[in-house]
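J.: Here's a structure for you.
The values are calculated or read from the model by the stated rules, or taken from the named source; none is laboratory data. Computed from a prediction, not measured in an experiment: that's the story for all the values here. Here Cβ is always computed from backbone atoms with ideal geometry, including for glycine, and neighbour counts include all displayed protein chains.
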Amino acid sequence: MKYNKKRFFILCIILIIILSLFFLGCGKKNKTLNEPIEKTDFVLGTICTVKIYDNLSPNLLDEVFLRLKEIEKKMTINAKGSEVDEINDKAGIKPVKVTDDVYYVIKTGKEYGQISGGRFDITIGSIVKLWNIGTDYAKVPSQNEISEKLPLVNYKDIVLDDKNKTVFLKRKGMIIDLGGIAKGYAADEVYRILKENGVKHAIVNLGGNIFAIGVNPNENRNWNIGVQNPFSERGDYFAILSIADKTVVSSGIYERYFMQNGKRYHHILNTKNGYPVDNNLAETTIIADKSINADALSTTIFAAGVEEGLKIIEKFKGVEAIFITKNREVYITPNLKNILKITNSDFKLMN
């Protein structure tokens, strides 16, 4: 009888341990998904996709896209009534009070105007409107038209009032165009919303502005991000980047362009002469922690070229760059040697 009681006691202990392990295991179940929850929509003038690999409510995606539409509504120059549209309408007349979003993006844009020596200039809008690249009305403007508008391109003529959050353009006819920086800000905002809601694994793609959050949970490794082949259709890559918690932004001749008399005219405009940048580059890519910085820098170094572009990037801690020439030569910053793999033999690493 004593033996049976002892045996019963031992069995009870074993059962308690088993049940404890079971419920402990339930409490620590895998919160990642093999197939992500995702949403795609046309916003910010492009196709945007967000994929979340954590087991969270799909309602979070609705919140993300509402935020993207809010940013677009404030910053577009292609629709009447936006804050930026009002700033442009009041150019040379009076300052316009704006929200924190718009003020921050314009202030950052002006800062990169100075950093880039004017190669990146958010007051390029009057020249952008002449070319209309990316629309059905794209054309090569006359030299007289360009010469008339060039004096309106000068980031130094943006007057900012930090206290009152107002923006004033000194000259009538000036046009701010945030197309070269707004998507970067939007990607940073998506990152912020996702992280605040506990997302640890996600891929954000705002028309080529990529933000890789965490690591790939299915393979427990960094995300593999394809680098666009500038001589092919969007989505065809020539190399792969292995990254985690980084943003990747590219600029190139493949994005928006039109052909006239056998010549390609792309959308990255030279702020000094008003024509598309004409150098030996086909594409530049920036890898950074903040997408708004990557957005501005990718345009800056494209306009600067390889030699000057590398010097610019050296000034930024934690920022890496890729340059692809029209001869398919690839130049990179030193820290990319171990995380960039060229997969297309037509391209040759030069440094």
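J.: Scan the stretch 301-324 and tell me whether some residue there is within 23 Å of residue 153 (Cα to Cα), of a type in the set (Gly, Ala, Ser) and part of a loop (DSSP other than H, G, I, E, B). Before the answer, list the steps.
T.: Of the residues in the stretch 301-324, the ones within 23 Å of residue 153 (Cα to Cα) are 301-305, 308-309, 312.
Cutting the leftovers down to of a type in the set (Gly, Ala, Ser) gives us 303-305, 309.
The next check asks that each one be part of a loop (DSSP other than H, G, I, E, B); those that pass are 305.
Yes, there is a match, as at least one residue in the stretch 301-324 is within 23 Å of residue 153 (Cα to Cα), of a type in the set (Gly, Ala, Ser) and part of a loop (DSSP other than H, G, I, E, B).
J.: Given the conditions (1) out of contact with any strand residue (DSSP E or B) (no Cβ under 7 Å at 6 or more places or on another chain); (2) free of Cβ contacts under 8 Å to residues at least 24 places away in the same chain, and given that residue 152 satisfies all but one, which numbered condition is not satisfied?
T.: Against the list (1) out of contact with any strand residue (DSSP E or B) (no Cβ under 7 Å at 6 or more places or on another chain); (2) free of Cβ contacts under 8 Å to residues at least 24 places away in the same chain, residue 152 comes up short only on (2).
J.: Turning to a different aspect of this structure: Output the residue which, of all residues in the stretch 297-331 that are under 23 Å from residue 245 (Cα atoms) and small (Gly, Ala, Ser), is surrounded by the most Cβ atoms within 10 Å (Cβ to Cβ).
T.: Among those residues, the one meeting the criterion is 298.
J.: Considering only residues of the stretch 274-296 that are of a type in the set (Val, Ile, Thr) and not in a strand (DSSP E or B), which is surrounded by the most Cβ atoms within 10 Å (Cβ to Cβ)? Step through it out loud before you land on a result.
T.: Step one: of the stretch 274-296, the residues of a type in the set (Val, Ile, Thr) are 277, 284-287, 292.
Next, only the ones that are not in a strand (DSSP E or B) stay: 277, 292.
Numbers: 277: 21, 292: 25.
Among them, the one singled out is 292.
J.: For the stretch 100-116, give me the residue count where each residue is touching an Asp or Glu at 6+ places or on another chain (Cβ under 9 Å) and surrounded by fewer than 17 Cβ atoms within 10 Å (Cβ to Cβ).
T.: Qualifying residue count, the stretch 100-116: 1.
J.: Moving on to the next point. Here are 160, 206: which of them is more than 17 Å from the chain's Cα centre (by Cα) and touching a residue at least 12 places away in the same chain (Cβ under 8 Å)?
T.: Values: 206 fails: more than 17 Å from the chain's Cα centre (by Cα).
So the residue among 160, 206 that is more than 17 Å from the chain's Cα centre (by Cα) and touching a residue at least 12 places away in the same chain (Cβ under 8 Å) is 160.
J.: Out of 320, 329, 307, which single residue is of a type outside the set (A, V, I, L, M) and under 28 Å from residue 104 (Cβ atoms)?
T.: Values: 329 fails: under 28 Å from residue 104 (Cβ atoms); 307 fails: under 28 Å from residue 104 (Cβ atoms).
One residue alone meets the criteria, 320.
J.: Can you tell which of 158, 176 is closer than 18 Å to residue 79 by Cα and surrounded by 21 or more Cβ atoms within 10 Å (Cβ to Cβ)? Before you say what the answer is, go through the steps one by one.
T.: Working: 158 fails: closer than 18 Å to residue 79 by Cα.
Checking each option against the conditions leaves just 176.
J.: Select from the stretch 91-130 the residues that are assigned to a helix (DSSP H, G or I) and either over 18 Å from residue 154 (Cα atoms) or of a type in the set (D, E, K, R) (or both) and write down the one among them that is farthest from the chain's Cα centre (by Cα). Don't jump to the end; show me each part of the working.
T.: Residues of the stretch 91-130 assigned to a helix (DSSP H, G or I): 100-115, 125-130.
Keeping just the survivors that are either over 18 Å from residue 154 (Cα atoms) or of a type in the set (D, E, K, R) (or both) gives 100-102, 104, 107, 110-111, 129.
On the way: 100: 20, 101: 16, 102: 17, 104: 16, 107: 17, 110: 18, 111: 18, 129: 23 Å.
So the residue we want is 129.
J.: Is at least one residue of the stretch 78-99 of a type in the set (Asp, Glu) and under 17 Å from residue 192 (Cβ atoms)? Walk me through it before giving the result.
T.: First, pick out the residues of the stretch 78-99 that are of a type in the set (Asp, Glu): 83, 85-86, 89.
Checking which are under 17 Å from residue 192 (Cβ atoms) leaves us with none.
For the stretch 78-99, residues of a type in the set (Asp, Glu) and under 17 Å from residue 192 (Cβ atoms): absent.
J.: List the residue pairs whose Cβ atoms are under 6 Å apart, where the first residue sits in the stretch 321-332 and is farther than 11 Å from residue 229 by Cα, the second is surrounded by 18 or more Cβ atoms within 10 Å (Cβ to Cβ) and among the polar types (S, T, N, Q), and the two are 6 or more positions apart or on different chains.
T.: Here the result reads 321/333; 322/285; 323/284, each pair linking the stretch 321-332 to a residue that is surrounded by 18 or more Cβ atoms within 10 Å (Cβ to Cβ) and among the polar types (S, T, N, Q).
J.: Another one. Quick check on this structure: which one of 51, 39, 90, 97 is in contact (Cβ under 8 Å) with a residue 40 or more places away in the chain, in the same structural domain as residue 310 (by TED's automatic domain parsing) and surrounded by fewer than 19 Cβ atoms within 10 Å (Cβ to Cβ)?
T.: Result of the check over 51, 39, 90, 97: 51.
Rundown of residues vs (1) touching a strand residue (DSSP E or B) at 6+ places or on another chain (Cβ under 8 Å); (2) under 27 Å from residue 45 (Cα atoms); (3) modelled with pLDDT under 95; (4) crowded, with 22+ Cβ neighbours inside 10 Å, yes/no style:
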site: 206; (1), (2), (3), (4): yes, yes, no, yes
site: 212; (1), (2), (3), (4): yes, yes, no, yes
site: 218; (1), (2), (3), (4): yes, no, yes, no
site: 236; (1), (2), (3), (4): yes, yes, yes, no
